[in-house]
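Read-outs throughout are calculated quantities, based only on the coordinates presented, and are distinct from any laboratory measurement. Keep in mind the model is a prediction, meaning the values are calculated, not measured. When we count neighbours, we look across all protein chains shown, and the Cβ atoms used for this are built from the backbone with ideal geometry, even at glycine.
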Amino acid sequence: MCGIVGITGVDDALPYLLRGLGKLEYRGYDSAGVYVSDGFNGGYLVKEKGRVSALVKKAEAAHVHGTAGIAHTRWATHGGVSVANAHPQQSADGRFYLVHNGVIENYQELKDRYLSGVTFHSQTDTEVAVQLVDKFAKEDGLSAFDAFRKMISLLDGNSAYGFLLMDRENPDTLLAAKKKSPLLIGVSDHGNVVTSDAAAMLDVTQDFIELHDGDVAVVKPKQVEIFDAQGQAVEREPFHLDIDPTETDKGAYPYYMLKEIDEQAVVARKISQYYFDDDGRVQNISCAISDAIRAADRIYIVAAGTSFHAGLVGQRYFEKWAKIPTEVHVSSEFAYDQPMLSEHPFFIFLSQSGETADSREVLDNIKRQGYPTLTIANVVNSTLTREADFALPLLAGPEIAVASTKAYTAQVIVQAILAYSFADTDFNLKQELAKVAVEVSAITDEKETFKEIADTVLHNQRSAFYIGRGLDAAVALEAALKLKEISYVQTEGFAAGELKHGTISLIEEGTPVFALLTQSKTAGLLRGEVAQVAARGANTVIISSESLARPGDAYVLPEVDELLMPLLAVIPAQLIAYYATLDRGLDVDRPRNLAKSVTVQ
Ligand code: GLU
């Protein structure tokens, strides 16, 4: 959720660390901190609430310098947002410094059992971990490495951590460990790095070694040693990450979200090129995946947030084209309340980051039960893609804005192609997706229209609704999430027929109600529901498709096959959310309280 960077073996560590934190800002955080060691001369600990820019100011004023250091952006789970609770956390005697992503579930028990005499300066679970390392080093005479391992061995099974530790007595060495939270070691001839997200350190290296759950690593300026959960030394080959560092820049765009909305047409083409051959036949989906799906009597799509909404659209494709009954589940619910499964289930995990902790929990459970699993994720080499039996890439490119846009449309398209690969139909999906790409561009070219809708309809409004039926109801959920998560307009997405069963009582004079109207079978019914809310004072905004449009509709979408209309209908909703947020003077890319990849349960 939050981020970790560390570096050793460079002349001046601070600029690398601060730049790295800057690259991680998109993930969502509430405070930041850095520890830089100046060899045996000592070190500098600087922490600040709020933005990385505030930390940069403070660190520069403190003239921080040294050749190794660690840094962190925190997303508070234990203890409020304060300088004291920001990381690095230090041991009482100032010997050890620790940054931590994740949660230590049994921190209170450990604190009571081992640290009763110690004075704590924060409310974090992380401080317990660093105080334990110090205690074991001091009282048991253990090396920093052994004390670190001993502390880790005491964490209960549900704990999640990416740890990066520094010891004043070994000032150029970083000790790293991870479980359920990603951590990579980046190697180069001019210093080694540790990071929770490769994007943060691409200016140092593009060669990364992935740590596995339970690993502990010792990272020095010219040497990296990795030990697995059993304490055995292991060799792990680095992989080369082919990301153009400029892909993570926003170029001339004011916000990443707008750039990513505009990229959706290109992403649609890229996905088509990868998954279709010249004759429109599906490729790059292995026989093993096809055989496993063919053998299934039911598909379970498991996902969270926007990915869950993409799953609701994908469900229709699997039922229509693959003819396999399909259910979609929220991962945080499925993890602890598993429904009765069919005899031969097949699991699909949808995720942007591939690190979603809630989905990982389900994947762990399902693997234990021995069922086949596929992850469709944007970040290849992520935990979910590695741990599932099969993986398919989304190919959306780095998505930086917290509010997902192009990963959503990519998820819908990849599910469509996968389902279509089983279809017995004359329908030419490749051709239809080419049309989708053209029309997505046509819609994103009309930004002014959506700005005007946002400025007039949503200005000063506290609540809003998106309604639709069938596939439009699925898109309404995503449309509502987009608007509420960044503009803070409390927005409900609804299957339109449900309104009259309770929620219609919320409609007041002027309440904005957006209706998505792209499905012919239910268009008449939806018009009726729009009339019902209009009669009660709602300010209705109809977004319809060409053949279903009527005079007075606010926006008419170009027409592609009805099954693919979600790919067009979602674009106005993304742009309306964007402009409503700008109108409120808020930070579009970094909404409050949210993180880009949700790596805690
Ligand atoms: N649980 C730790 C804290 O609240 C780490 C949170 C994080 O992952 O940033 O400080």
**Message:** Below 13 angstrom from the Cβ of Gly231, what's the summed charge of the other residues (Lys, Arg +1; Asp, Glu -1)?
**Reply:** -2
**Complete:** The set of residues whose placed amide H lies less than 5 Å from the amide H of Thr375, leaving out same-chain residues fewer than 5 positions away, is Phe349, Phe390, Ala391, Leu392
**Request:** Rounded to the nearest 500, what is the 222 nm mean residue ellipticity of the chain from helices alone, with -39500 (n - 2.57) per DSSP H run of 4+ residues and division by all residues?
**Result:** -10500 deg cm²/dmol
**Prompt:** Once the Cα gyration tensor of the chain is found, what semi-axes does its equivalent ellipsoid get, as square roots of 5 times the eigenvalues, in whole Å, sorted largest first?
**Reply:** 45, 27, 22
**Prompt:** Using Cα-only point scatterers and the Debye equation, what is log10 of I(q)/I(0) for the range 77-170 at each q in 0.13, 0.19, 0.21 Å⁻¹, rounded to two decimals?
**Reply:** -0.37, -0.83, -1.04
**Prompt:** Sorted from fewest to most neighbouring beta carbons within 10 Å, what does the list Thr326, Thr449 look like?
**Reply:** Thr449, Thr326
**Complete:** Under Stokes-Einstein, the range 112-154 at 10 °C and 1.306 mPa s, with its Kirkwood radius over C-alpha pairs, diffuses with a coefficient in µm²/s of 151
**Message:** As a footprinting exposure proxy, order Tyr420, Tyr161 by other Cβ within 10 Å, with the fewest listed first.
**Reply:** Tyr161, Tyr420
**Fill in**
Given backbone amide H placed at 1.01 Å from N, residues whose amide H is under 5 Å from that of Asp203, ignoring those fewer than 5 places away on the same chain, are none
**Radius ratio Rg over Rh of the range 476-576, counting only Cα atoms, Kirkwood formula for Rh** = 0.94
**Request:** Take the alpha carbon gyration tensor of the range 6-128, find the square roots of its eigenvalues, order them as a ≥ b ≥ c, and report rounded if a/c is under 1.5; if not, report prolate when a/b exceeds b/c, else oblate.
**Result:** oblate
**Message:** Explain nothing, just compute: Karplus ³J(HN,Hα) = 6.51 cos²θ - 1.76 cosθ + 1.60, θ = phi - 60°, for every residue of the range 166-175 in order, whole Hz, x for Gly and Pro.
**Reply:** 10, 10, 4, 7, 9, x, 9, 10, 10, 10
**Request:** Express the C-alpha Rg of the range 126-228 as a ratio against the empirical globular expectation 2.2 N^0.38 Å, rounded to two decimals.
**Result:** 1.06
**Asked** How much net charge surrounds Glu48 when only the other residues with a Cβ under 14 Å from the Cβ of Glu48 are counted, with Lys and Arg +1 and Asp and Glu -1?
**Response** +3
**Prompt:** For Asn192, which sequence-distant residues (separation of 5 or more, or a different chain) have an amide H within less than 5 Å of its own amide H, given hydrogens modelled in the peptide plane?
**Reply:** Thr8
**Asked** Taking Rh as the Kirkwood radius, which is the inverse of the mean 1/r over Cα pairs, what is the Rg/Rh value for the range 209-273?
**Response** 1.22
**Message:** Whole-Hz ³J(HN,Hα) for each residue in the range 402-409, computed from phi via Karplus 6.51 cos²θ - 1.76 cosθ + 1.60 with θ = phi - 60°, x for glycine and proline: what do you get?
**Reply:** 4, 6, 6, 10, 6, 5, 4, 5
**Prompt:** Given Gly537, Ala479, Val570, which one lies farthest toward the positive end of the charge dipole of the range 457-591, if we put +1 on the Cβ of every Lys and Arg and -1 on the Cβ of every Asp and Glu?
**Reply:** Gly537
**Fill in**
Of the range 170-200, those with amide N under 16 Å from the point 7 Å along the Cα→Cβ vector of Ala233 are none
**Item:** Ranked by how many other beta carbons lie within 10 Å on average, peptides 109-115, 587-593 from highest
**Value:** 587-593, 109-115
**Request:** Give the whole-number value, in cubic angstrom per residue, of the convex hull volume spanned by the C-alpha atoms of the range 295-439.
**Result:** 104
**Asked** What are the principal axis extents of the Cα atoms in the range 310-368, in Å, biggest first?
**Response** 30, 28, 17
**Complete:** By the C-alpha gyration tensor axes a ≥ b ≥ c (rounded if a/c is under 1.5, else prolate when a/b exceeds b/c, else oblate), the shape of the range 438-503 is oblate
**Asked** So for the range 174-228, what are the equivalent ellipsoid semi-axes in whole Å, largest first, each being the square root of 5 times an eigenvalue of the Cα gyration tensor?
**Response** 17, 13, 7
**Message:** Would you report the distance distribution of C-alpha pairs in the range 212-353 as whole percents per 5 angstrom bin, up to the bin with the largest distance?
**Reply:** 2, 7, 10, 13, 14, 13, 14, 15, 9, 4, 1, 0
**Prompt:** Treating the beta-carbon of each Lys and Arg as +1 and of each Asp and Glu as -1, no other charges, what is the dipole magnitude of the chain about its Cα centre, to the nearest 20 debye?
**Reply:** 980
**Asked** What ranking of Arg168, Arg584, Arg360 emerges when the number of other C-beta atoms within 10 Å of each C-beta is taken as an exposure proxy, fewest first?
**Response** Arg584, Arg168, Arg360
**Request:** Would you mind putting 51-57, 118-124 in packing order, based on average other-beta-carbon counts within 10 Å, highest first?
**Result:** 51-57, 118-124
**Request:** Report the local net charge at Glu333: Lys and Arg +1, Asp and Glu -1, summed over other residues whose C-beta lies under 15 Å from its C-beta.
**Result:** -3
**Message:** Per-residue counts of other Cβ atoms within 10 Å, averaged by peptide: what ranking do you get for 302-314, 217-229, 3-15, 275-287, highest first?
**Reply:** 302-314, 3-15, 217-229, 275-287
**Item:** Residue-wise HN-Hα coupling along the range 90-98, computed from phi with Karplus coefficients 6.51, -1.76, 1.60 (Hz; x: Gly, Pro)
**Value:** 10, 6, 4, 8, x, 7, 10, 10, 9
